[in-house]
Every structure is written in C-alpha cells, then in structure tokens.
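Contents: one structure, followed by commentary.
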Amino acid sequence: MSASSTAPEVRPAASVCVVGSGPSGLYAVDAVARKRPDAAIDVIDRLPTPFGLVRAGVAPDHLGTKNIVRQFDRALSRPGVRFLGNVTVGRDVSLDELKAGYDAVILAVGAPVDRPLGVAGEDLAAVYGSGAFVGWYNGHPDHAALEPRLPGPSVAVVGNGNVALDIARILAKTPKEMAESDICAHAAKVIEAAPITDIHVIGRRGPVEASFTSAELGELGHLSRARPVVDATVLDGLTTESEDDPRARKVKDKNLEILRAFAARPDAGEPVRIHLHFHAAPREVLNDGSGAAGGLRLERTRVENGRAVGTGETFDLPATTAVTAIGYRCAAVPGLRMDENRGIVANDDGRVEPGVYVTGWARRGPSGVIPTNRTDAMAVAGHVLADLEEVESAKPGPAALDTLLAERGARPVCYDDWKRIDAAEVARAAQGRPREKFVRVEEMLAALDG
C-alpha cells in the first residue's frame, strides 16, 4: 500500500467505511466528511477504478453526464478520506471484520444483476441483459469479454427506459458520431461491423407510461443514418390528464410531442430504423434452430390501473439479438437479509442493523438518475451522523483494515494510483477520444508497475 493511503496511527474520533465508490457512495462520503471533518472515512471498491456506473454505466456518448466525476474527485481528495480499490468484501475482508473495525459501514454496492425476463428461451445464445451489454461496450471488467453476437439485421431491446434507448442509439450511430465518445475500441469495432438495419425497442405498457426522459427520446431524432419509427395509431387520443404530479406530467406531455413528431416523419431512406413498440409483452424468445435467438413472441397488452394486462393476441418479431433492459437486482450480501421481491438489501429507511447502512440502488432499487442518488445518500448520511453522535469511538478504524489486507497479501489501489491509471488511459486514447479504458484488472495493475 502506498504512503498516500496509509492510515494514521492515532485512533480517529470516528471511523466510517463506505463499500462502493459509485455516485451513492461518494455522495454519502461528501455529506459525512462535510459535517465530521474529524472522521476517518475509507472507501473500498472491488475494482481499481472509482465512480461505479458513471464510468461503466453512463452511455459512452454522454460525456457531459460523466463530468460529475469532478465533484466525486473532490470528495475522494478530502482530508481523512481514503480510496482503496481492488479490495473485495468476502475475498480480502469480511463484512463482520468491517463492522468490528468501523463505527459505521455504509453499503453502496448498487444493483449489478440483470433481472430475468422469466420467459422460455431467454437462455439462448445472443440474449443478453442490459447490465452485461452496457458493461461490454463501456469496458467493465466483468463484461469486457462478453463478445455479443450481432449478426443482424435486427436487434430487439426489451424495455422502455433510458437504458433501452441508450442501447438502441449506440447501435444506430455511425463511427463518426461515436468518434469523440469513450466507447471501448473492442466494442466499437464489433458494432461498426454489425449489419444492423432494424432496432426494435419494446415496451409492455403504452407511451404515457414509458419511463424514458424527453432528452433521451429526442436524441433518436438526430441520428445521421437512423430514423425513429412510431405507429401513429398508438398515439391517437392519448392524454396525460390522469398524471397528478405536474413535473411528471410535463415530461409525459413532451414525450408524446416527440413521439408524434417521429410518427409524422417521412421515410428518407435511412439505412437504419429504430422501431418504438408499445403494448407488447415478451412471452418467448424464439430459437433460430441453432440454439440462438431468432425472434421474440410478443403478446399485445392494454393498460389497466397502470399495469400491462395481456389480451391473448400474440405476434412474432424477428430478431437475431435480444437485449433485456427491464431492471436490476442487488447481489446478495453474505450475512445480511435481502428483500427478494425488490432485489435490495432489507432496510428501514437506509438502516440495516446497528452500525450498518445502505444507500443508492441497493437501498431503493434501480430508479432515478445520478442526482437522485444524492438525495438518497444525504438522508442515509443524516442517519450515520446522528448515530455517531451517540457513540464514543472505541474501534480501530482504517489501521485495522490495513493490517488485515497486509496479512492477506491484498493489493489495494489508492487514489494516487487511480490517477496514474487514469493518466495512462488518457494517454493511450485514439485522437479525439477522451480515453481508452483498460478492461481487465490485470491491465490496470500492470499500468501501475510500468
């Protein structure tokens, strides 16, 4: 462990360990550090790289969204805050050991597990969850070796949220449109070579119930080689009068306006079409005869009390690749009770048990945008700060973790180390791109040894 990450010998007034360095974890770090500058705060992550889904989940062509890392950089650079990457709970240190060593443990582990469709055929080749597919083109070490099949001509994306639109847009863009993005080179090459002509985005409910934002939807209308296709009859007579929330109603009204413009857009012979389907629920992934996806069997639906209800009428949609973007679950945390129905760590407003807290998607499920995690983390940090006032620290804090990691031969990556990895990624980027990510942990560690 480098000198910049070595814990002080003096026992801190309070010690906090945050497991996970994505937005929810780092917003919590910032909130606690502001109110308790005397606290020692360790942020551990199983990857050598911080920032979680900002790095590996935000679309590679949305570089403006990724600028939030500047704020997170300030949080990790605060006095008393340490980043220890390449440290895995369950491998290098147990949750019980963290609980014994710190006054508070905040779990910010996200929801990295794709929710299954729950239909026959989803185990066929060329069927992928969006977490894995997005992780592939964003260079997440868990998914960089995915090698998805994209034989064309059609891809089905199941879901009506921003992630589904991100995937459709990335597949539809030209290399020139992606030239200044941070998409990984291995993925850009595969997508460029894929003979895709039709991308189908499939929603169980209707246009009013779709959860994508207007900005994401509107982007589909400004692609150089792709045209969004919407059946105008699906939009006939739709209103948002039943929406009570004025802000949500404004978004829905704007979405309907954009969709109507798409429906009225003439065919200019674009080589790629993005079909936006509504009122269609997957019932089966069809086998092409070789053990791979050949299409989807869909059931037409209607919306009753906000839920999609099947009508019994089915139809088949050809697709040689299927990506599901229907949500995520938190991975089980050994020793903690999970809320299996919601796919989260069981908690009471962020409290898990005395001294243990949870924030972000692992607390509430995969909803909202990056700033949503700030509100969530602020609330949980409030609980932590209140509870710290009630205890006189008798726990060793970071020094105990350093001892355990040294005894076990772990190789923590401190924040200065991350900066070196970051600089190496920037240096190896092709002209015009912000970086070329290392996609394997071994590559990241090798960059520190070079």
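Selection of strands (runs of 3 or more DSSP E) fully inside the range 291-403 by the criterion of at least 1 residues being farther than 18 Å from PRO112 by Cα and in the same structural domain as GLU97 (by TED's automatic domain parsing) returns 351-353, 356-358.
When you scan the range 26-47, do you find a residue that is basic (Lys, Arg), more than 28 Å from TYR328 (Cα to Cα) and assigned to a strand (DSSP E or B), even just one? No, because not a single residue in the range 26-47 is basic (Lys, Arg), more than 28 Å from TYR328 (Cα to Cα) and assigned to a strand (DSSP E or B).
Is it the case, given these coordinates, that GLY237 is at pLDDT below 95 and among the small types (Gly, Ala, Ser)? Full working, then the answer.
Numbers: at pLDDT below 95: yes; among the small types (Gly, Ala, Ser): yes.
Yes, satisfied.
Scan the range 53-112 for residues that are farther than 22 Å from PRO434 by Cα and aromatic (Phe, Trp, Tyr) and jot them down. PHE83, TYR102 - these are the residues of the range 53-112 that are farther than 22 Å from PRO434 by Cα and aromatic (Phe, Trp, Tyr).
Of all residues in the range 320-331, those that are under 14 Å from LEU165 (Cβ atoms) have Cβ atoms under 9 Å from Cβ atoms of residues that are acidic (Asp, Glu) and crowded, with 22+ Cβ neighbours inside 10 Å, 6 or more apart or on another chain, in ALA325/ASP166.
Among residues of the range 136-181 being on the phi > 0 side of the Ramachandran plot and surrounded by fewer than 21 Cβ atoms within 10 Å (Cβ to Cβ), the one that is farthest from the chain's Cα centre (by Cα) is GLY152. Remark: pairs (first residue in the range 177-203, touching a residue at least 60 places away in the same chain (Cβ under 8 Å) and closer than 13 Å to GLU436 by Cβ; second residue basic (Lys, Arg) and assigned to a loop (DSSP other than H, G, I, E, B); Cβ separation under 6 Å; 6+ apart in sequence or on different chains) = ASP182/ARG435; CYS184/LYS437. Number of residues in the range 58-82 that are among the charged types (D, E, K, R), touching a residue at least 12 places away in the same chain (Cβ under 8 Å) and over 22 Å from LYS173 (Cα atoms) equals 3.
Assessment of the range 405-424 against the conditions (among the β-branched types (Val, Ile, Thr), modelled with pLDDT of 95 or more, under 25 Å from the mean Cα position of the chain (by Cα) and not in a helix (DSSP H, G or I)) yields at least one matching residue.
The set of residues in the range 95-126 being part of a loop (DSSP other than H, G, I, E, B), on the phi < 0 side of the Ramachandran plot and touching a residue at least 60 places away in the same chain (Cβ under 8 Å) consists of TYR102, ASP103, ALA108, VAL109, ALA111, PRO112, ARG115, PRO116, LEU117, VAL119, GLU122, LEU124.
Looking for whichever is exposed (fewer than 15 other Cβ atoms within 10 Å of the Cβ) and outside the structural domain of GLY291 (by TED's automatic domain parsing) here; the options are ASP73, ASP61, ASP96, ASP92. Which one fits? Even if it seems obvious, please write down each step before you answer.
Working: ASP73 fails: exposed (fewer than 15 other Cβ atoms within 10 Å of the Cβ); ASP61 fails: exposed (fewer than 15 other Cβ atoms within 10 Å of the Cβ); ASP92 fails: exposed (fewer than 15 other Cβ atoms within 10 Å of the Cβ).
Every option except ASP96 fails the conditions.
The values are calculated or read from the model by the stated rules, or taken from the named source; none is laboratory data. None of the values given here were measured: they were computed from a predicted structure. As a convention, Cβ positions derive from the backbone with ideal geometry for all residues, glycine included, and neighbour counts pool all protein chains shown.
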